[in-house]
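Enquirer: Take this structure, written in structure tokens, and hold onto it; I'll ask about it next.
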Amino acid sequence: MSWSWKIATVRGIGVYIHATFWLVVAWILFAHLASGQGALAAAQGVLFVLLLFLCVVLHEFGHALTAQRYGVQTRDITLYPIGGVARLERIPRNPRQELMIALAGPAVNVVIAGFLAIILLAAGAFGGVDQLSRIESNPLARLFWANLLIVGFNLLPAFPMDGGRVLRAFLAERMEYGRATQLAATVGQGMAFLFGFAGLLLPNPILLFIAFFVYMGAGQEAAMVETELAFRGVPVREAMVHRFRTLPADGSLAAATQQLLAGSQLDFPVLEDGRLVGILTRNRLIEALSQQGLTAPIREVMLPVPLTLTPDDNLEESFQQMREKESQTVPVLDDGRLVGLLTLENIGEFLMVRNALQGPSARGGRPGAPQRVEETVETAAEPANRPAPAYRPKRGLQG
């Protein structure tokens, strides 16, 4: 994961800190020291931020562990300066399951806030909950209110944040899933405009930043669902590549390089006695060339095949599997014989042709849909070193 460092693994889920997270710590230190509050106050400020982000991590695990109950795995959790991101492999199409996953994160913060309130009252720090607004000198009270802020912010109906997913789950119980997604995305983008307007008036750059990511996240989620619905009922054979090149396992990287430069194909199936034994991707080829040179045998540098399909497999499910495996190219086998390749590039072209034949009316009068859908396909299976949240790009004081 580029620019991120792994700090822990819990229940098989890696927890990462992005490099930009330390900007928050640096800013807290600078703000306290510049105001003349001293090193002790600066250390306390940093400690508070770390505790707050611990609550954010627990929030994300609320999503992740609830998703595991429904058979949905989480790739990783990453902390950014303005929140956390849990990358779920997929979002369940069952509205009730999505509802439970969405609510699990804020529920964790409610539990944390309740626990802190009990401690504060038991310690006699305040005469009652109504006096908890006196927070400047009590870090636990500040953490209490911060958790409530996380809950309130995340439950705003700004898709694709938790509240937006709750809204979609509610709508999906009453209408078709694609339509529910479009409505939730529209509401989310409307909220983004409100955030942006408030950010300009105050002015507040954080609100502007939140507005940008909410707007982009809502559009990307809507495009992803639109793409998946376009695959419904379509077999893999209609979108797969029929003309392709293969490489022999006993060949050299020199031959592989010639094949790469001779055409537009980027990933090559590797065969031995007519059987598929591996795949050589462009990235792997370039890496091997820099380390071992042109004479290295292909069998020593090829990668195992993470996924294979058949021509009759459902394209919607196959695309989902490609996302989960982060595969750009998948071999298609018929009775063990290689008959085609399913690539993200070809899926994008298939969608462009399909949408062009259907016309603007079939896309709800949105002439720009084909290009947007193709861009969604091209970025759907980004490598793990490019942090692309699968669950949602939520931002702000949140998880």
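Enquirer: Any residue in segment 272-280 that is touching a residue at least 12 places away in the same chain (Cβ under 8 Å), within 26 Å of Met224 (Cβ to Cβ) and either part of a strand (DSSP E or B) or not acidic (Asp, Glu) (or both)?
Expert: yes
Enquirer: May I ask you to verify whether Val72 is surrounded by fewer than 22 Cβ atoms within 10 Å (Cβ to Cβ) and touching a residue at least 12 places away in the same chain (Cβ under 8 Å)?
Expert: Criteria met by Val72.
Enquirer: Within the set of pairs 6+ apart or on separate chains, which have a first residue in segment 109-121 that is closer than 9 Å to Leu148 by Cα and buried (at least 20 other Cβ atoms within 10 Å of the Cβ), a second that is polar (S, T, N, Q) and at pLDDT below 95, and C-beta atoms under 9 Å apart?
Expert: Close Cβ pairs satisfying both conditions: Asn109/Asn154.
Enquirer: Give segment 46-77 a look and list any residue that's among the β-branched types (Val, Ile, Thr) and either at positive phi or part of a helix (DSSP H, G or I) (or both), or say none.
Expert: Val46, Val49, Val56, Val57, Thr66
Enquirer: Any chance segment 78-90 includes a residue that's assigned to a helix (DSSP H, G or I), surrounded by 17 or more Cβ atoms within 10 Å (Cβ to Cβ) and charged (D, E, K, R)?
Expert: No - not one qualifying residue is present in segment 78-90.
Enquirer: Continuing with this model, one more query. Only one of (1) under 19 Å from Ala172 (Cβ atoms); (2) buried (at least 17 other Cβ atoms within 10 Å of the Cβ); (3) among the charged types (D, E, K, R) fails for Arg96. Which number is that?
Expert: (2)
Enquirer: Could you please give the count of residues in segment 239-274 that are under 18 Å from Val330 (Cβ atoms) and either at pLDDT 95 or above or surrounded by 13 or more Cβ atoms within 10 Å (Cβ to Cβ) (or both)?
Expert: The number of residues fulfilling the criteria is 14.
Residue by residue, here is whether (1) farther than 28 Å from Glu316 by Cβ; (2) free of Cβ contacts under 8 Å to residues at least 40 places away in the same chain; (3) in contact with a helix residue (DSSP H, G or I) (Cβ under 6 Å, 6 or more places away or on another chain) holds:
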| residue | (1), (2), (3) |
| --- | --- |
| Phe244 | no, no, no |
| Ser252 | yes, no, no |
| Leu260 | yes, yes, no |
| Ser264 | no, yes, no |
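Enquirer: Oh, and also: In segment 299-326, which residue that is in contact with a helix residue (DSSP H, G or I) (Cβ under 8 Å, 6 or more places away or on another chain) and part of a loop (DSSP other than H, G, I, E, B) is modelled with the lowest pLDDT?
Expert: Checking each candidate, the answer is Pro306.
Enquirer: Further question on the same structure: Confirm whether Leu280 is surrounded by fewer than 13 Cβ atoms within 10 Å (Cβ to Cβ) and hydrophobic (A, V, I, L, M, F, W, C).
Expert: no
Enquirer: Which number in (1) aromatic (Phe, Trp, Tyr); (2) under 22 Å from Ala104 (Cα atoms); (3) part of a helix (DSSP H, G or I) marks the one condition that Phe193 misses?
Expert: Phe193 satisfies all of (1) aromatic (Phe, Trp, Tyr); (2) under 22 Å from Ala104 (Cα atoms); (3) part of a helix (DSSP H, G or I) except (2).
Enquirer: Arg237 fails exactly one of the following numbered conditions: (1) in contact (Cβ under 8 Å) with a residue 40 or more places away in the chain; (2) in a loop (DSSP other than H, G, I, E, B); (3) among the basic types (Lys, Arg). What is the number of that condition?
Expert: In the conditions (1) in contact (Cβ under 8 Å) with a residue 40 or more places away in the chain; (2) in a loop (DSSP other than H, G, I, E, B); (3) among the basic types (Lys, Arg), Arg237 misses (2) alone.
Enquirer: Exactly one of (1) closer than 30 Å to Met175 by Cβ; (2) touching a strand residue (DSSP E or B) at 6+ places or on another chain (Cβ under 8 Å); (3) not hydrophobic (A, V, I, L, M, F, W, C) is unmet by Gly62. Its number?
Expert: Of (1) closer than 30 Å to Met175 by Cβ; (2) touching a strand residue (DSSP E or B) at 6+ places or on another chain (Cβ under 8 Å); (3) not hydrophobic (A, V, I, L, M, F, W, C), only one is false for Gly62: (2).
Enquirer: State all residues of segment 1-30 that are β-branched (Val, Ile, Thr), touching a strand residue (DSSP E or B) at 6+ places or on another chain (Cβ under 6 Å) and surrounded by 15 or more Cβ atoms within 10 Å (Cβ to Cβ); if no residue qualifies, say none.
Expert: Correct list: Ile13, Val15, Ile17.
The values are calculated or read from the model by the stated rules, or taken from the named source; none is laboratory data. Since the structure is predicted, the reported quantities are computational estimates derived from the model, not experimental observations. Cβ: placed from backbone, ideal geometry, glycine included. Neighbour counts: every protein chain shown.
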